[in-house]
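The values are calculated or read from the model by the stated rules, or taken from the named source; none is laboratory data. Please read these numbers as outputs of a predicted model, since none were measured by experiment. Glycine gets a Cβ as well: all are built from the backbone with ideal geometry, and neighbour counts include every protein chain shown. Quick note on the areas: whole protein, heavy atoms, side chains included, nothing else; ligands and nucleic acids left out. Shrake-Rupley method; radii C 1.70, N 1.55, O 1.52, S 1.80 Å.
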Amino acid sequence: MTIRIFVPRDSTAVALGANEVADAIAAEAVRRGLDIQIVRNGTRGLLWLEPLVEVETAAGRKGFGTVDAADIPALFDAGFHTGDSTHALSVGLVEEIPYLKSQERLTFARTGITDPVSLQDYEEHGGYEGLHIALGLDAQAIVDMVVESGLRGRGGAAFPTGIKWKTVLNARAVQKYIVCNADEGDSGTFADRILMEGDPFLLIEGMTIAGIAVGASKGYIYVRSEYPHAIATLNEAIAVAYAKGYLGTNVLGSGKPFELEVRKAAGAYICGEETALLESLEGKRGIVRAKPPLPAMEGLFGQPTVINNVLSLASVPVILGKGAAFYKNFGMGRSRGTLPLQLAGNIKRGGLIEKAFGITLREILYEYGAGTASGRAIKAVQVGGPLGAYLPESQWDTPLDYEAFASLWAVLGHGGIVVHDDTADMAKLARYAMEFCAIESCGKCTPCRIGSTRGVEVMDKIIADNERPKQIHLLRDLCDTMLSGSLCAMGGMTPYPVLSALNHFPEDFGVPPSEQSAT
């Protein structure tokens, strides 16, 4: 009987030696005369256990982590290939690990379970059910389902996905486009990468449904250049989809065309902004466009264009396959469905956590993350990437919900959570926010281009205690100008980390306790 052993091909696992582990397992099995099949799956998202090796048993898949190539002979000696091993690296049934078991996995239901480039695996686990249903509906009905689901953009802006689709559907044009923003550049984020590497057919299916829904015959996946494994996996899956009729001029014999290709990004953070992305996709320098017109009316090559994030598009097959009501049943308030959270920074158990909206930051930090890797107290948590606010402990019981976070003058963004312990200097982190903006600004608008440069200078003076009260006042004025006058979120949101650090941690800016309420 062939023994199936799963070794992740995800970038994180590979960086930690997964390829060497797979080679060692194969060589040891040959040496012992064992009949095994190694399946290179995606990651389960338990990155603190990678490489996580799984063995298929009658009771389910049993895991071993963190595995090094040097551990393989001892693992075989302990009978790990039978699944009954009591080896120290055994973590038991993977599905029973609390970190994973307590999640609500809709978008990432298959990730880590299947071979990412096996269409058969994808179909056997419910893949393409959504597309088959979509092909039996008219375009308006598909859009209505997405509107009814309450799906909002997972890239940061949280704009209702269905409304964007409706606008493109109603636009009159010979050519329309679907563009996937996979330029995942925020610090502490990796959900897009995990999905593209671990379940690429889901993104392909979501984009195909989007194309059929709005009448777009061409799609592009704009992937950041730092994701070579994701690009290779996507291209392999796209080739399979074409060969099996899921892409092309006549999708599954429906008479409806949808062509799809991957474009490698140019390595600029600003190209995560949708209009700068379009400029780059057209072969131009990635700079922000003024709005209006909106991309939904005049987007790629001047044509109506749906631009959605990876996670937004990957949510669509679930909505079509299980119904809008099923998806809408998860979440709270106007934040429906689930949000893939990415836990990073100074955290003991970093990884991907998909939960319905409503869980608190404190639960994420301690029930999943198990506190800091350093063992020290958590001081601040930045949510929503480098432009997100720093949240103090007093705000960690706020439910993860778009409106709840907005009331704190914070954002959920792409769901990235970066943890800092009590050794963090918040003034230096505020300076870094300004420096990051100065480096990554496209330069089109003055508040962002010049404001961030002046911001670094002001922060240097504050840190050096050079007329500190005057400089703090100037910093606030500068942030107000950037907030109100910037053309896009690059300059408009840089004040979020700066002012939140100043407001919640004034002592790190040298503000005496007697003056802290006035900062």
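General remarks:
- Ser85 touching a Phe, Trp or Tyr at 6+ places or on another chain (Cβ under 8 Å) and over 22 Å from Glu354 (Cα atoms): yes
- Applying the criterion of at least 1 residues that are at pLDDT 95 or above, of a type in the set (D, E, K, R) and open to solvent by 30 Å² or more (accessible area, probe 1.4 Å) to the helices (runs of 4 or more DSSP H) found wholly in the stretch 178-249 leaves 228-243.
- Restricting the stretch 250-266 to residues that are open to solvent by 60 Å² or more (accessible area, probe 1.4 Å) and of a type in the set (A, V, I, L, M), the residue that is modelled with the highest pLDDT is Leu252.
- From Asp71, Asp84, residue being modelled with pLDDT of 95 or more, more than 17 Å from Ile113 (Cα to Cα) and charged (D, E, K, R): Asp71
- Every residue from the stretch 360-390 that is among the aliphatic types (A, V, I, L, M), part of a loop (DSSP other than H, G, I, E, B) and surrounded by 22 or more Cβ atoms within 10 Å (Cβ to Cβ): Leu387, Ala389
- Number of residues in the stretch 322-359 that are without any contact (Cβ under 8 Å) to a residue 60 or more places away in the chain and assigned to a loop (DSSP other than H, G, I, E, B): the value is 4.
- For the stretch 318-332, the set of residues classified as more than 14 Å from Gly162 (Cβ to Cβ) and either of a type in the set (Lys, Arg) or in contact with a Phe, Trp or Tyr (Cβ under 8 Å, 6 or more places away or on another chain) (or both) consists of Val318, Lys322, Phe330, Gly331, Met332, listed by residue number.
- Residue, farthest from Leu339 (Cα to Cα), within the stretch 405-424, restricted to residues that are open to solvent by less than 60 Å² (accessible area, probe 1.4 Å) and either free of Cβ contacts under 8 Å to residues at least 40 places away in the same chain or of a type in the set (D, E, K, R) (or both): Asp421
- Condition met for Ala15 (of a type in the set (Gly, Ala, Ser), open to solvent by 60 Å² or more (accessible area, probe 1.4 Å) and farther than 20 Å from Thr86 by Cβ): yes
- First in the stretch 148-167 and surrounded by fewer than 17 Cβ atoms within 10 Å (Cβ to Cβ), second anywhere and in a helix (DSSP H, G or I), Cβ under 6 Å, 6 or more apart: Glu148/Ala324
- Checked against the criteria, Pro469 counts as more than 31 Å from the chain's Cα centre (by Cα) and not charged (D, E, K, R).
- Failed item in (1) within 30 Å of Ile209 (Cα to Cα); (2) open to solvent by less than 30 Å² (accessible area, probe 1.4 Å), with Ile113 passing the rest: (2)
- Residue pairs meeting the criteria (Cβ under 8 Å; at least 6 apart or on separate chains; first within 24 Å of Thr12 (Cβ to Cβ) and of a type in the set (S, T, N, Q), in the stretch 32-44; second assigned to a loop (DSSP other than H, G, I, E, B) and open to solvent by 50 Å² or more (accessible area, probe 1.4 Å)): Gln37/Thr2; Asn41/Arg9
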